[in-house]
Amino acid sequence: MTLSFQSLGLSEARVQELEQLGFTTPTPIQVQAIPELLKGRDMVAQSQTGTGKTAAFSLPMLESIDLKNPAVQAIILTPTRELASQVNDAIRDFNSDRRLGILTVCGGQSMDRQIRRLQRGTQIVVGTPGRVIDLLDRGDLKLDQINWVVLDEADEMLSMGFIDDVKKILKKTPSNRQTACFSATMPKQICDLVNQFLKSPVTVTIKQERVAPARIEQRVYMVPRGCPKIRALQPILALEDPEAALIFVRTRRSAAELTTHLQSAGYSVDEYHGDLSQSQRERLLQRFRQGQVRWVVATDIAARGLHVDHLSHVINYDLPDQAESYIHRIGRTGRAGNTGIAISLIQPLDRRKLNLIERKVRQKIEVSRIPSRSQIEARHLEKLQDKLREALAGERMASFLPVVRDLSEEYDPQAIAAATLQMLYDQTQPSWAALDFETPMVERPKVNKRRSSRSSKREEPQKPVIQNPSR
């Protein structure tokens with residue numbers, strides 16, 4: 001039996017708004033969370049990104065907001081500005097009543113403007129812990145009438161060092177508040193926070209039997225021992241030729257270095273990490289969504305809130321430490337009914353991590369060797385053939401037939417076609433043409449000089465011993 005939003009206990013007006021937005025069938029997290037939250041219960045929900053958790057907590061929250069009261073009644077804490085902005089936009093979509101005030105408070109934006117909005121009246125605040133603390137300390141944000149607190153992406157707030165700020169904020173809210181904690185993973189510190197601040201919470205867990213169903217294809221490439229990882233990545237990019245890719249690295253420095261290297265090789269790529277200003281992030285995200293930038297190199301924390309529907313590839317340049325993080329990463333592709341490809345680069349020491357990931361996703365992932373020039377050339381020719389078939393089926397082909405007839409008087413038609421393909425191949429040949437495939441990707445093993453020195457002495461012919469004839 002297929003459940004509806006109305007069967008979950010939402011008001012008829014709310015259901016009608018959802019239907020106008022095209023939402024008719026709730027997701028599993030919404031089915032489990034919405035009825036319990038409507039009952040006023042605290043909740044701990046473990047669910048990956050893309051499962052509809054924003055609607056799971058915001059829809060019950062909207063049902064309880066008193067529009068006649070201009071005071072802040074609900075606060076949603078997020079780890080990043082981008083996620084705060086997305087949650088704000090989602091809540092606005094779910095609500096058409098202009099009397100509802102929703103405000104995003106985070107760094108990189110004018111605090112004076114945020115203060116003026118608070119003074120005019122705002123019922124829902126979505127913000128990052130740092131800016132919320134600043135406004136609390138100034139006395140411009142008051143939480144004495146808070147009924148709702150939501151911790152969104154709690155594990156990432158822990159990773160970013162916000163856990164103490166979160167505790168400080170929770171202590172300033174009324175004890176009779178309703179609290180919901182949403183997190184992709186549940187490390188010990190999050191469990192401790194739940195035990196300290198939530199009252200008999202109901203637990204909701206959305207298990208994904210296989211993180212990558214048919215819509216996500218997972219591939220793993222082994223980087224040869226001693227080979228620079230960047231050298232192994234470029235043939236992979238040349239073979240895959242992603243339309244839109246998110247490349248995950250471990251640190252900001254790695255993001256900057258990898259981006260610079262790929263840009264110098266002629267690729268359309270940019271970096272996305274915590275050192276960028278808010279305006280820089282927004283401009284890059286806009287360019288990425290419009291296809292002006294094909295690939296983005298990002299850290300895990302910065303990428304929270306970076307969602308692109310047309311993402312064709314997720315590439316783990318650095319494999320994450322936790323299997324849950326791997327699941328969270330690759331879940332960014334294969335959305336909205338599209339297919340997606342998840343690629344991971346591993347080194348021999350990463351075998352254990354890969355085993356943990358395979359157990360988590362309950363799937364064996366084949367490990368391949370770095371693509372060769374012949375493989376890349378073959379793939380490129382396949383794409384040219386596909387383009388040629390499209391052209392043959394198109395209407396514009398007729399305008400070029402007179403040219404072919406003229407050339408046919410002097411050249412063989414097959415030769416004309418081959419020359420045309422060669423021209424097209426040369427024009428579209430990407431940066432991999434300049435890659436060095438001749439030099440082996442494996443460095444020669446280093447020689448232990450000390451051991452070599454001793455062995456050479458042993459192998460050196462011994463001088464004859466001349467005995468003293470007087471003895």
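The values are calculated or read from the model by the stated rules, or taken from the named source; none is laboratory data. The shown structure was predicted, so the numbers you read here are calculated from the model rather than taken from an experiment. Note: ideal-geometry Cβ built from the backbone for every residue, glycine included; neighbour counts use all protein chains shown.
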Report task. Go through the stretch 264-278 and count every residue that is touching a Phe, Trp or Tyr at 6+ places or on another chain (Cβ under 7 Å) and either outside the structural domain of ASP300 (by TED's automatic domain parsing) or outside any loop (DSSP other than H, G, I, E, B) (or both). Result -> 1
**Report entry** Scan of the stretch 370-403 for residues that are part of a helix (DSSP H, G or I), touching a residue at least 40 places away in the same chain (Cβ under 8 Å) and among the polar types (S, T, N, Q), ordered by number
**Finding:** GLN375
Query - Residue check, LEU258 outside the structural domain of LEU83 (by TED's automatic domain parsing) and touching a strand residue (DSSP E or B) at 6+ places or on another chain (Cβ under 6 Å) - result: yes
Query raised in the report: Under 6 Å by Cβ, and 6 or more places apart or on different chains, what pairs join a residue from the stretch 15-43 that is without any contact (Cβ under 8 Å) to a residue 12 or more places away in the chain with one that is surrounded by 19 or more Cβ atoms within 10 Å (Cβ to Cβ)?
Result: VAL15/PHE5
Report summary line: Restricting the stretch 27-46 to residues that are in contact with a strand residue (DSSP E or B) (Cβ under 7 Å, 6 or more places away or on another chain) and in a loop (DSSP other than H, G, I, E, B), the one surrounded by the most Cβ atoms within 10 Å (Cβ to Cβ) turns out to be ASP42
Report task. Looking only at the stretch 226-233, decide whether some residue is under 19 Å from the mean Cα position of the chain (by Cα) and either buried (at least 18 other Cβ atoms within 10 Å of the Cβ) or in a strand (DSSP E or B) (or both). Result -> yes
Requested in this report: Report yes if LEU349 is in a helix (DSSP H, G or I), modelled with pLDDT of 85 or more, assigned by TED's automatic domain parsing to the domain that holds VAL223 and exposed (fewer than 12 other Cβ atoms within 10 Å of the Cβ), otherwise no.
Outcome: yes
Query raised in the report: Right, LEU237: under 23 Å from GLY331 (Cβ atoms), more than 17 Å from the chain's Cα centre (by Cα), of a type outside the set (Val, Ile, Thr) and part of a helix (DSSP H, G or I) or not?
Result: yes
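Yes/no matrix, rows are residues, columns are (1) of a type in the set (S, T, N, Q); (2) modelled with pLDDT under 95; (3) out of contact with any Pro (no Cβ under 9 Å at 6 or more places or on another chain):
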site: LEU143; (1), (2), (3): no, no, no
site: ILE169; (1), (2), (3): no, no, no
site: CYS191; (1), (2), (3): no, yes, yes
site: THR205; (1), (2), (3): yes, yes, yes
Query raised in the report: What tally of residues in the stretch 43-74 results from selecting those that are charged (D, E, K, R) and at pLDDT below 90?
Result: 1
Query - Residue under evaluation MET186, criteria (1) buried (at least 20 other Cβ atoms within 10 Å of the Cβ); (2) among the hydrophobic types (A, V, I, L, M, F, W, C); (3) assigned by TED's automatic domain parsing to the domain that holds LYS53; (4) outside any helix (DSSP H, G or I), criterion not met - result: (1)
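Right, VAL166: in contact with a helix residue (DSSP H, G or I) (Cβ under 6 Å, 6 or more places away or on another chain) and either surrounded by fewer than 19 Cβ atoms within 10 Å (Cβ to Cβ) or outside the structural domain of ALA378 (by TED's automatic domain parsing) (or both) or not?
Against the criterion (in contact with a helix residue (DSSP H, G or I) (Cβ under 6 Å, 6 or more places away or on another chain) and either surrounded by fewer than 19 Cβ atoms within 10 Å (Cβ to Cβ) or outside the structural domain of ALA378 (by TED's automatic domain parsing) (or both)), VAL166 qualifies.
Taking the stretch 69-102 on its own, how many of its residues are part of a loop (DSSP other than H, G, I, E, B), free of Cβ contacts under 8 Å to residues at least 40 places away in the same chain and closer than 19 Å to LEU143 by Cβ? Write out each step before concluding.
First pass over the stretch 69-102, keeping only residues part of a loop (DSSP other than H, G, I, E, B): 69-73, 78-80, 95-101.
Adding the requirement that they be free of Cβ contacts under 8 Å to residues at least 40 places away in the same chain leaves 97-101.
After this cut, where a residue has to be closer than 19 Å to LEU143 by Cβ as well, the list is 100-101.
Counting residues in the stretch 69-102 that are part of a loop (DSSP other than H, G, I, E, B), free of Cβ contacts under 8 Å to residues at least 40 places away in the same chain and closer than 19 Å to LEU143 by Cβ gives 2.
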**Report entry** Selected residue (only one of ALA84, ALA45 is assigned by TED's automatic domain parsing to the domain that holds ARG14 and under 20 Å from VAL194 (Cα atoms))
**Finding:** ALA45
Report summary line: Scanning the stretch 145-165 residue by residue, those modelled with pLDDT of 95 or more and under 10 Å from LEU193 (Cβ atoms) turn out to be LEU151
Requested in this report: Pairs only if they're at least six apart or on different chains, beta carbon under 9 angstrom, first in the stretch 299-315 and at negative phi and not assigned by TED's automatic domain parsing to the domain that holds LEU83, second surrounded by fewer than 22 Cβ atoms within 10 Å (Cβ to Cβ) and at pLDDT below 70; list them, first residue then second.
Outcome: ARG304/THR49; HIS307/THR49; HIS307/GLY50; ASP309/ALA336; HIS310/ALA336
